[in-house]
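*Asks:* Would you mind keeping the following structure in view while I ask a few things?
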């Protein structure tokens with residue numbers, strides 16, 4: 001059953017928009033989920049952190065994909081009391097030049113938190129970076145699965161995709 005309170009909060013934050021939109025992977029869509037509108041809304045952020053907290057295992061360390069999932073992982077860390085790391089899309093070119101920021105020990109079990117999954121490629125990239133750094137990663141939890149191939153791509157990399165909401169949930173009965 002979809003989280004109706006979260007759906008209402010995302011809609012109230014105007015995070016679900018209709019029109020013609022180009023997506024980051026180059027495709028187009030007649031709807032857009034604006035992560036920056038829901039990630040900067042305190043009610044949405046609280047509901048997401050609470051929902052993520054229910055899905056995180058006791059032995060999981062949290063990871064968020066920079067930049068979009070950083071507010072989500074930070075709020076979830078506060079909700080759960082668990083530490084987190086940040087997976088960058090590429091290593092920074094200054095300072096420590098790390099791709100994974102934060103304390104991560106070899107063999108730690110990590111769950112990746114992400115905002116929106118479309119193709120799933122950014123989640124796969126984050127998991128691969130974490131695995132290269134020695135983490136054990138087999139699960140990604142997203143706020144919204146757009147149901148456009150992410151689940152299949154992640155499965156091809158031995159990663160389970162869990163979502164708080166699917167596009168079907170979010171768009172059901174939506175005023176367009």
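Each reported figure results from applying straightforward, stated rules to the coordinates on display, with no laboratory input. Just so you know, these numbers come straight off a predicted model, no measurement behind them. FYI the Cβ positions are ideal-geometry reconstructions off the backbone, even for glycines, and counts take in every protein chain you see.
*Asks:* Would you please give the FRET efficiency between residue 25 and residue 174, computed as 1/(1 + (r/R0)^6) with r the Cβ-Cβ distance and R0 = 22 Å, to the nearest 0.05?
*Replies:* 0.45
*Asks:* Mind checking the angle between helix 42-55 and the chain's longest principal axis? C-alpha axes, 0 to 90 degrees, to the nearest 10.
*Replies:* Helix 42-55 sits roughly 60 degrees off the main axis of the chain.
*Asks:* With an 8 Å Cα cut-off and a minimum separation of 6 or more residues, compute the relative contact order for the chain in percent.
*Replies:* About 17 percent, as a whole number.
*Asks:* Right, something else. Can you say what percent of the DSSP beta bridges in region 55-166, counting only those with both residues inside, are antiparallel? Round to 5.
*Replies:* Restricted to region 55-166, the bridges split so that about 10 percent are antiparallel.
*Asks:* Would you mind listing how long region 8-91 runs along its three principal axes, going by Cα atoms, in whole Å with the largest first?
*Replies:* 42, 34, 18
*Asks:* Please determine, in degrees from 0 to 90 and to the nearest 10, the orientation of helix 70-80 with respect to the longest principal axis defined by the Cα atoms of the chain, where the helix direction is its Cα long axis.
*Replies:* 80 degrees
*Asks:* If you stretched the chain out fully between residue 155 and residue 5, how much longer would it get, using 0.36 nm times the residue separation minus the C-alpha to C-alpha distance?
*Replies:* That pair, residue 155 and residue 5, stretches by 51.1 nm at full extension.
*Asks:* Calculate, in nm to one decimal, what residue 98 and residue 136 gain on full extension: separation in residues at 0.36 nm each, minus their alpha carbon distance.
*Replies:* Between residue 98 and residue 136, full extension yields 11.9 nm more.
*Asks:* Quick one: Cα convex hull volume of the chain, Å³ per residue?
*Replies:* Considering the Cα atoms of the chain, their hull volume per residue is 116 Å³.
*Asks:* Expected output is a single nm value to one decimal: the length gained when fully extending between residue 162 and residue 55, i.e. 0.36 nm times separation in residues minus the C-alpha distance. What is it?
*Replies:* Length difference between fully extended and current span is 37.6 nm.
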